[in-house]
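Read-outs throughout are calculated quantities, based only on the coordinates presented, and are distinct from any laboratory measurement. Note that this is a predicted model, so its numbers are computed, not measured. Cβ placement follows ideal geometry from the backbone for every residue including glycine, while neighbour counts extend to all protein chains displayed.
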Amino acid sequence: MRALFDKNVPYRIRIYLTQHEVRTVAEQGWNRLTNGDLLNAAEAERFDVLVTADQNIPYQQNLRNRVLAVVVLGTNKLELLEEDPSEIVRAVDGIRAGSIEFVKYTHPRKPKPGANFS
């Protein structure tokens, strides 16, 4: 599967998607493309899935009749994504053409050392 990482996705998480060809918006030279144009370019280049942290994209863009699937990450904070990358892998591995998958991150914040909550 060919996956495209949007510019708001930490590119370092690509190491968890070893079974896929992963390219970044920057590598494609598409940094200046807006959402609609980016979706069109990705489809024209035969990408299968766009991975983005833009949680508004499903509401701003009409994703019906698209071949491109979209995985929307609930955060773009690398430390949270790397706590459990299996959810990203599961979403990308299981996505179907034209569908959208939300990957939620509800990990509780770890208390700072020495913090007293009593």
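Under the convention that each Lys and Arg Cβ holds +1 and each Asp and Glu Cβ holds -1, the size of the dipole of the chain around its Cα centre is about 240 debye.
Sorting the Cα pairs of the chain by distance into bins of 10 Å, from 0 upward, gives 13, 47, 27, 8, 5, 1 percent per bin.
Would you work out which of I13, G74, G94 lies farthest towards the positive end of the dipole of the chain? Charges go on Cβ: Lys and Arg +1, Asp and Glu -1. It is G74.
In degrees, nearest 10, range 0 to 90: what is the angle between the Cα axis of helix 35-44 and the longest Cα principal axis of the chain? Once rounded, one gets 60 degrees. Cβ crowding within 10 Å ranks K77, K104 as K104, K77, fewest other Cβ atoms first.
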